[in-house]
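The values are calculated or read from the model by the stated rules, or taken from the named source; none is laboratory data. Just so it is clear, the structure is predicted and the values come from calculations on it, not from any experiment. Cβ atoms come from the backbone with ideal geometry, glycine included; neighbour counts cover every protein chain shown. In case anyone asks, the SASA skips ligands and DNA or RNA and just uses the protein heavy atoms, side chains included. Shrake-Rupley method; radii C 1.70, N 1.55, O 1.52, S 1.80 Å.
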Amino acid sequence: MRLLKLSILLSLILLVSCASESRETPEKDFKIDYEKFTLDNGLEVILHEDHSDPIVAVATMMHVGSNREKPGKTGFAHFFEHMSFNDSENVPVGANRKMIPEWGGSRNGGTSNDYTVYYEVVPKDAFEKILWIDSDRFGYMINTVTKEALEREKQVVKNEKRQRVDNAAYGYTDEIKRKNLYPEGHPYNWTVIGALPDLQAATIDDVKAFYTKYYGASNASLVIAGDIDIEETKKLVKQWFGEIPSGPEVEVIPPMPVTLSETKSLYYEDGFAKLPELRMTYPTVETYHKDKYALEILGQLLSGSKNAPLYKVIVEDQKLAPNVQTYQSSSELAGEFIFVVRANDSTDLDTVNEAIAKGLNRFETEGVNEKDLKRIKAKLETNLYRGISTVLNKAFQLVEDNEFKGDPSYITETAKLMDAVTAKEVMAVYEKYIKGKHYVMTSVVPKGQLNLAVAEANEAQVWIEEVKKDVANEEVSQGLEAVYKKTPSKYDRSEPKFGQLPLFKSPVVWTSALNNGMAVYGIENNEVPLIQFDITIPGGHLLDPKGKSGVANLLGDIMMEGTASKTPAGLEEAIGLLGANISTYSTSEDFHITGSCLAKNFKETIALVKEIILEPRWDEKEFDRLKQALATSIKGREANPNFIASSVYNKLLYGDQHILSIPDSGTQQTTQDITIKDLRNYYKNLSPQNANFHIAGAISKSEVEETLVTLEDWSVEATTIPEFSIPETPKANTVYFIDFPGAKQSVIQIGRLALARTNENANKLGFANEVLGGGSSGKLFQTLRIGKGYTYGAYSGIDNSKEIAPFTIRTSVRANATLKSLEIIKDMVSNYAKDFSEKEVDLTKSKILKGNTRAYESLGAQLWMLQNISKYNLSTTFTEEDQKELVSMTLEDYKKTITTFLDEKDMIYVVVGDKGTQFEEIKNFGKEIVVLDIFGNPIE
């Protein structure tokens, strides 16, 4: 489950109108209608009708987060969220995680300081089924909790903490900050995920007490958005949710902002970090406080552009870091204004601290740039529509504002308040909360580099788990179901039948072409007045010069650093004033120029795209900065066990002579000698002749064609894409072990080179994988997480590419469960073909066919669809053709595909973990073991 914050400050500015009250907004012709009512038990319900796609989103928000916990029982709100997904009186054990994906839906939950949210998106025919599951989880789960289920879920949550915190560079920073910013006893003094000893001590009585106190209907809001009938939905909601007990009245906690009597400076030597990081956190204001909006804009003004004072000093002038962040983060009870600088390798954080002070002095002297203020506000309109482009986003915003403000449409007021912020108000909040005020400073430095920490900082204290072998209470299982008397109901609470099967309607694709050879693919979607577009130019990493991998990646960076007539800051400003986004980047096989904007600004945005393509600035100063930033990024990757696993895995599979054995952004060795001349030479490969323009949004084919005529001035001969030979398979049936000292988890990647997207068996392999590793209903997830509690997640799949791509199984498991996890995966894959039956055939068909109803809802998904059509020469109706192929697949087809591509003996095993505690265990796995360093080089 996710630890999250749904208020995405500027990116979800949502315009809403209540059904019972008309709300007019000047110059905006888009609105969302909703209807709100309250059940007799106090549950507040908001319904929104949207028939664009045959799908429904449901979001239930409980007004309980980690702020309701007490010292000694921390992490309980998040833990209870996990427990809620396990079992309930009228729903089979594990159905939530397994059945919803099998119906073609998606589901998850999240916990923050202040709330717990549960959400799903399902095809329309599963709508009443999701009400059945949701209401049963909400009101009928507590009797089903068993000691065995409790102990198993503890392991899952502990694995989540290991993955997100213990095994991650800078993972303890949040804990250090909270302990020192908030006094003991303050509800934000501990992290949302809590302390592992507290979690381990949790009992069934604790779970029941928490449920009884906080999971009453009157402490929640429910939003249903999508292809529904309002009156019929009201009846269903009353039936399924109306009998849930109201629960005791939950005390409202008033805002609890904090003040500091002194500045606190702390350091922590991080065994995973490779770069020094400085953070400064100032106490500020809670959500809905009037000063929050000016503080949010202050964050963007200080560091969010190339004209920003902190960027100028830290990045441009002193070259201390590749970037700097400043932002306001508000929660229900208090808020924080945060400065973050992850500095270049070996940079003294005292120097960074001084540079921040210098940047703030510059801000005080220069004040607020009105043009920057205008630029920030120009993006609000675009973000407004981006935030409501899916039914789930609509549901999120409606449910949060209803639960915390009592008004689903409050975001209209938020938009007005943000737009009304003046330069004077921004300076006022700077004076009130930042200038001369006390703060908490954290210096997180690589282990053994304490000299980089801010002088006279005090050592921060954190609790670190010790990895032990054969811990009895970590070997868990589902156990027997609870014995209890069912809660009586006047309704039949058994599983309802599916509704009418929704018809999947593939978006209508139109095509065109420019006179310079560029093909154009489009989908008109008038749901919101927004456009997303992409130019894909074949080549990408494949065209990097030999020995200089990373050239295409750096070209993607420098092309956004100004044009012949615009400085880097000037280009950024021009894009911002349109409320648009434009970016250029390289991938393994392609170079991309992408963007989004309001439909009304498409012509002006494309004019800037043309300027970026045809008139690059080639700024030497920016090149030097970008190259240093890349070196810093590459160094930072050494702290990421997932990146290490992936890069070594690719190196083993593709061999030293294939360019895909090297990361797209290169390595320290391949990037150190890259010059701006290399970028200029690569730039000559950017040709429209084999490029494709993709666009989805509120614009017609004729309007697109009329606007794109200007790009016909772009005329460059196409280059030949080099071909690389695939090496002999590396020594399969072998474990390649990379030591990551102190790791609390082992990252595992298992697989082999399989096939390209253009292979006639590509769809068949994708279909055949669905039962094994396709999401939370897959065997890997169900066994390693649900059954054993070894991991937070386990999945498998194959990437889309023209080159032969690997089939890969991925997971991160508890360190002392590494061997057991390897054995489970080995046996599962070895027996997969034998165990595959007609039941799995039917399950795969249902899951994929129904999942397609929500697969292309967003503009981004539609753009992805167009990219696949152009790159792999698919028909414009390939989605329907794929479905026919799926329906026609027989059990024999599945078994043949599995046998051909998923033979366990053909696979390699890559493990990144703590050698000191795991290596001797893995020797018992029965395969040859080869030890490598983090770069994939053998260690004798």
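Figures for the structure shown
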{"item": "Normalised contact order of region 545-585, rounded percent, pairs of Cα under 8 Å and 6 or more residues apart", "result": "40"}
{"item": "Part-to-part distance (alpha-carbon centres) for region 138-197 and region 566-635, which is given in Å", "result": "40"}
{"item": "Distance from region 495-546 to region 286-312 (C-alpha centre basis), Å", "result": "35"}
{"item": "Contact order relative to length of the chain, as percent, for alpha carbon pairs under 8 angstrom and 6 or more apart", "result": "16"}
{"item": "Solvent exposure of region 56-196 as accessible area per residue, Å², 1.4 Å probe", "result": "20"}
{"item": "Among TYR211, TYR282, LEU866 the positive-end extreme of the charge dipole of the chain (Cβ point charges)", "result": "TYR211"}
{"item": "Spatially proximal lysines relative to LYS764 (Cα-Cα < 21 Å; intrachain offsets below 8 disregarded)", "result": "LYS779, LYS802, LYS834, LYS839, LYS845, LYS847, LYS850, LYS871, LYS884, LYS895, LYS896, LYS905"}
{"item": "With eigenvalues of the C-alpha gyration tensor scaled by 5 and rooted, the chain, Å", "result": "38, 36, 33"}
{"item": "Cα-based shape type of region 378-440, given that a ≥ b ≥ c are square roots of the gyration tensor eigenvalues and the cut on a/c is 1.5", "result": "prolate"}
{"item": "Assigned charges on the beta-carbon of Lys, Arg, Asp, Glu; region 662-795 dipole about Cα centre (debye)", "result": "1000"}
{"item": "Accessible surface of ARG107 - all protein chains present, 1.4 Å probe, nearest 10 Å²", "result": "30"}
{"item": "Value in Å of the Kirkwood radius, where region 126-239 supplies the Cα pairs that are averaged", "result": "17.5"}
{"item": "Region 530-611: projected area of the alpha-carbon convex hull, averaged over directions, in nm²", "result": "5.4"}
{"item": "Intensity falloff of region 615-718 expressed as log10 I(q)/I(0), Debye formula with alpha-carbon point scatterers, at q = 0.17, 0.18, 0.23, 0.24 Å⁻¹", "result": "-1.00, -1.02, -1.18, -1.23"}
{"item": "Listed pairs LYS497/LYS826; LYS377/LYS566; LYS179/LYS915; LYS158/LYS432; LYS70/LYS177 exceeding 30 Å between Cα atoms", "result": "LYS497/LYS826; LYS179/LYS915; LYS158/LYS432"}
{"item": "Sum of -39500 (n - 2.57) over DSSP H runs of 4+, divided by residues of the chain (222 nm, nearest 500)", "result": "-11000 deg cm²/dmol"}
{"item": "Protection proxy ranking, peptides 817-825, 122-130, average beta carbon neighbours within 10 Å, highest first", "result": "122-130, 817-825"}
{"item": "Ordering of 377-383, 285-291 by burial proxy (mean other Cβ atoms within 10 Å per residue, highest first)", "result": "377-383, 285-291"}
{"item": "Solvent-free Debye scattering, log10 I(q)/I(0), computed from the Cα coordinates of region 669-818 at q = 0.09 Å⁻¹", "result": "-0.57"}
{"item": "Highest average packing first - 310-319, 165-174, Cβ atoms within 10 Å", "result": "165-174, 310-319"}
{"item": "Carbon and sulfur %, accessible surface of the chain computed with the full protein complex present, 1.4 Å", "result": "49"}
{"item": "Cross-link partners of LYS435 among aspartates and glutamates (Cα-Cα below 12 Å; sequence separation of 8 or more within a chain)", "result": "GLU364"}
{"item": "Size of electric dipole in the chain: Cβ of Lys, Arg +1 and of Asp, Glu -1, about Cα centre, debye, nearest 20", "result": "960"}
{"item": "Distance histogram for region 260-401 (every C-alpha pair counted, 5 angstrom bins, percent rounded to whole numbers)", "result": "2, 8, 15, 17, 19, 16, 11, 8, 4, 0"}
{"item": "Cα-based equivalent ellipsoid of region 202-336: semi-axis lengths in Å, sorted from largest, via gyration tensor", "result": "43, 23, 17"}
{"item": "Kirkwood hydrodynamic radius of region 104-174, from inverse mean 1/r over distinct Cα pairs, in Å", "result": "15.0"}
{"item": "Region 589-631 pair-distance distribution - Cα-Cα, 10 Å bins, rounded %", "result": "22, 34, 35, 9"}
